[in-house]
Amino acid sequence: MIYARKGNIYVLRVKWNYDFRGTEYEVDKLNRQKGDIICPTLNVYNSYDTSWKYDFVFGALRLACLNGMVTNETIFRITKKHLGESMDYERIAQFMMSGLNDFSKLIDQWKNWNHTNTSPEVYERIINGMELGKKEQETIGNEVEIASAVILEEIKLKTLSYWLFFNVVTQFITHKVQSELRKRVLQQRASQMFYR
């Protein structure tokens, strides 16, 4: 729970995160002992004073870096203006069941990405679709994926999997892009391009 000050009044806001750590999946191992760990995650935001809208987000949480940084892929979201009415628990349960099914499909998709090589044409389509600036293009071109030590140059040799390409792009966005607004924009564009 978060107490926030609004003028002379303190208001109560709720931010609840739950990572289903007992339900972990490995996507790729390559030459490592352990693959990329993915688990379902649930985030709920609400407030008693109606200053926050009700926000229920279910997704896939994955370790993005060896330093413990994580990234979340949203599977579904329920957002509702806070009007003081009760929540529809039956609807939430239906979304959760559907979300768990979609989570399994996402894991299967990521596992397939691990066995699909990235062609130079796909690389160009994604990088161009992200609308990177010249300096960003240079930076991402030099990015080394930390866990596997691969570089984007391996695309020319057709040895870089789509999954590792996705990881390199995610790592670039989370580690090299300084502006939070630019990070958000690039994350949305990358998702649109990779999940086409």
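Taking the Cα centre as origin and putting +1 on Lys and Arg beta-carbons and -1 on Asp and Glu beta-carbons, what dipole magnitude results for the range 90-142, to the nearest 20 debye?
80
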- For each of M96, M193, M130, count neighbouring Cβ atoms within 10 Å of the residue's Cβ, then give the residues from fewest to most. M96, M193, M130
- Message: Show me the chymotrypsin sites (Phe, Trp or Tyr not before Pro) within the range 110-196 that DSSP assigns to loop and that have at most 10 other Cβ atoms within 10 Å of their Cβ.
- Response: Y195
- Query: Taking amide H positions as placed 1.01 Å from N in the peptide plane, with prolines and chain starts having none, which residues 5 or more places from W52, or on another chain, fall under 5 Å of its amide H?
  - Reply: S47
- Query: Which FRET efficiency value, to the nearest 0.05, is calculated for Q137 and Y18 with the Förster distance at 45 angstrom and r the Cβ-Cβ distance?
  - Reply: 0.75
- Task: Could you please rank L186, L12, placing first whichever residue has the fewest other Cβ atoms within 10 Å of its Cβ?
- Result: L12, L186
- Message: If you filter the range 94-148 for GluC sites (Glu not before Pro), then keep DSSP loop positions with at most 16 other Cβ within 10 Å, what is left?
- Response: E131
- Task: For I75, list long-range residues whose amide hydrogen, built 1.01 Å from N in the peptide plane, is under 5 Å from its own amide hydrogen.
- Result: F58, G59, A60
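Read the figures in this text as sums done on the coordinates, not as results from a lab. Not measured: the values here are computed from a predicted model. Quick reminder, even Gly has a Cβ in these numbers, built from the backbone with ideal geometry, and neighbours come from all protein chains shown.
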